[in-house]
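Reviewing the structure listed below.
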């Protein structure tokens, strides 16, 4: 297995400066196989962001162990971890005064943290990453001049330039219109199939997760409610329990993957 969470628990400490709702991740165990796309779904405050922070060592577990390529995550130096795990954060970079090409080259930093200038190998890898994500022709443009969809592809290219074993994406389609959502989903599938890229996808979009992912991990209240194929995890009773609302699960007519529909009930008063 590429990634293993073994009974991992974590709790945020109470803050005396501001009020923080208590939250704990409890005895979380799951695995990510090399070459698969695993989706992490669940309501707000279920533990999705905490999971990503633990995997990238922004946070350390209170108990349990996380293993990457069979080695304890805690033993990896930051640069080594960055060479193995690439992260595409949620949202666009604000006020970023660099070109697309310069942004993507920043993904090469873990491969030479002591260097001041990129190598020919760095430039070749960055070019391949931009080509794979369809932003090569935008390399000389300022990042701030791009559309939302173009920015997302450029940030994914930066992650690819790290040449990671695992690419982690946090809500990659959250701020995109429908066309760019479809393009991003297709890009992830293509990278997975053509490059064997292992992907951890965190998403509130259950239909996107069902369409793109091989397996899903459903979190609620800091616990894993289910992990398995989309057809098994996107169960009406499981989703109702996790999200606190009634849903209907159907199948796409074209892909036969699950689709989730909220059961709306609007009470109207008066005429």
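The values are calculated or read from the model by the stated rules, or taken from the named source; none is laboratory data. Everything numeric here is computed off the predicted structure, so don't read it as measured data. No Cβ is skipped: glycine too gets one built from the backbone with ideal geometry, and neighbour counts run over all protein chains shown.
If you scan region 195-210, which residues turn out to be outside any strand (DSSP E or B) and surrounded by 20 or more Cβ atoms within 10 Å (Cβ to Cβ)? Of everything in region 195-210, those that are outside any strand (DSSP E or B) and surrounded by 20 or more Cβ atoms within 10 Å (Cβ to Cβ) turn out to be 197, 203, 206, 208, 209, 210.
Total residues in region 130-171 satisfying the condition of being more than 24 Å from residue 40 (Cβ to Cβ), buried (at least 21 other Cβ atoms within 10 Å of the Cβ) and out of contact with any strand residue (DSSP E or B) (no Cβ under 9 Å at 6 or more places or on another chain): the figure is 2. Selection of first residues in region 76-89 that are exposed (fewer than 13 other Cβ atoms within 10 Å of the Cβ) and of second residues that are at pLDDT 95 or above and assigned to a loop (DSSP other than H, G, I, E, B), restricted to Cβ pairs under 6 Å at least 6 apart or on distinct chains, gives an empty result. In the set (1) in a loop (DSSP other than H, G, I, E, B); (2) touching a strand residue (DSSP E or B) at 6+ places or on another chain (Cβ under 9 Å), the condition left unmet by residue 107 is number (1).
What are the residues in region 3-20 that are touching a helix residue (DSSP H, G or I) at 6+ places or on another chain (Cβ under 9 Å) and either surrounded by 16 or more Cβ atoms within 10 Å (Cβ to Cβ) or modelled with pLDDT of 90 or more (or both), if any? Within region 3-20, 3, 5, 8, 10 meet the criteria. Residues in region 112-129 that are surrounded by 11 or more Cβ atoms within 10 Å (Cβ to Cβ), out of contact with any helix residue (DSSP H, G or I) (no Cβ under 6 Å at 6 or more places or on another chain) and part of a loop (DSSP other than H, G, I, E, B): 112, 115, 119. Residue 236 meets all of the listed conditions (1) within 30 Å of residue 128 (Cα to Cα); (2) surrounded by fewer than 19 Cβ atoms within 10 Å (Cβ to Cβ); (3) in contact with a strand residue (DSSP E or B) (Cβ under 6 Å, 6 or more places away or on another chain) but one, namely (1).
Do the conditions hold for residue 141, that is, is it touching a helix residue (DSSP H, G or I) at 6+ places or on another chain (Cβ under 7 Å), more than 19 Å from residue 183 (Cα to Cα) and at pLDDT 95 or above? Judged against the criteria, residue 141 is a match. If you go through region 24-43 and keep only what is over 21 Å from residue 211 (Cα atoms) and either out of contact with any strand residue (DSSP E or B) (no Cβ under 6 Å at 6 or more places or on another chain) or crowded, with 22+ Cβ neighbours inside 10 Å (or both), you end up with 25, 28.
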